[in-house]
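Here the structure comes first, spelled out in structure tokens, and everything after it is commentary.
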Amino acid sequence: NKIGVNRIVAFANSPVASMTKSGYVSGNIDGTSNLKDECYKEFSEYLINVCEYLTKERNIPIEWISPINEPHWDWKKIKGQEGCHYSTSECVKLIKILSKKIKESNSGLKIAAIEAGHWQGAEEYIKDIFDDEELKEELKEFHVHSYFSTTEDKEKATEFIKRNYPDIKLHMSEWTEMQDGRDYGMDSALKLANEIYEDLTIPQVVSWQYWIAVSKYNYRDGLIYTNEGTE
């Protein structure tokens, strides 16, 4: 809070390897869900334990936990990037179990869900999650990434959400330009500004998050760049 950070969200791209079907955190072999059927409770408990450790032992005040990241992609072991696919019903199952475990733990954690990877993939997940009688009372917000989303995609998703679930608060929780190289000029700045403007005015998100603030990579994924070997 001293530096203006009002919310810290801990997020998981994948269950830990020992809880996955493939034995890897980069996805299942066929792109289906990689979380073992018998590990939903164990994974939920693991997430809570990590958050409590970071809060109590590391003095990082985590109040929110995001258990699912971009679930509609067909994350596969061969791709190498951390990720886990979940169907809509699997998302509902995991969120409900996590919610129950949070109540049992008295940790006070709140759930941020579900980090949809783009606006055009959000509707089916929103429907199944917020049509569930238990979850519609538990969850008051939905998190979306603006990757690969056109203006029309955002308008269509917004119309669906406002018509059917008008009380949901929307958060744009991850975006970057997704291009190789670094750009210190106006091209990237204008693209970033346009993305923020669209998300604030079309879906009217209540928060907007860039992917990372400081990057050491040769990629358009940071607001500030550092070079290896320099202070």
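Quick note: the coordinates plus some simple rules give every number you see, no bench work behind them. Remember, it's a predicted structure, so these values are computed and weren't measured experimentally. So basically every Cβ, Gly included, is an ideal-geometry build from the backbone, and we count neighbours across all protein chains shown.
Structure data summary
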{"item": "Summed residue charge, Cβ within 12 Å of Gly27's Cβ, Lys/Arg positive, Asp/Glu negative", "result": "0"}
{"item": "Ranked Arg58, Arg220, criterion: other C-beta atoms within 10 Å, fewest first", "result": "Arg58, Arg220"}
{"item": "In Hz, Karplus ³J(HN,Hα) per residue of the range 14-27 (6.51, -1.76, 1.60; θ = phi - 60°; x = Gly, Pro)", "result": "7, x, 5, 4, 5, 9, 9, 6, 8, x, 10, 8, 9, x"}
{"item": "Contact order normalised by residue count of the chain, Cα under 8 Å, 6+ apart, percent", "result": "15"}
{"item": "Euclidean distance of C-alpha centroids, the range 128-204 and the range 31-61, integer Å", "result": "26"}
{"item": "Contour minus Cα-Cα distance for Ile8 and Ile224 (0.36 nm per residue)", "result": "75.7 nm"}
{"item": "Sum of -39500 (n - 2.57) over DSSP H runs of 4+, divided by residues of the chain (222 nm, nearest 500)", "result": "-10500 deg cm²/dmol"}
{"item": "Taking the range 1-102 and dividing mean pair separation by its residue count, relative contact order in percent (alpha carbons under 8 Å, at least six apart)", "result": "37"}
{"item": "Ranked His145, His118, criterion: other C-beta atoms within 10 Å, fewest first", "result": "His118, His145"}
{"item": "Among the listed pairs Lys110/Lys169; Lys79/Lys110; Lys41/Lys110; Lys56/Lys96, those beyond 23 Å (Cα-Cα)", "result": "Lys79/Lys110; Lys56/Lys96"}
{"item": "Sequence-separation-based contact order of the range 119-162, relative, with Cα cut under 8 Å and 6+ spacing, percent", "result": "61"}
{"item": "Anisotropy class of the range 50-103 from Cα gyration tensor, a/c 1.5 cut", "result": "oblate"}
{"item": "Share antiparallel - DSSP beta bridges, the chain, percent rounded to 5", "result": "10"}
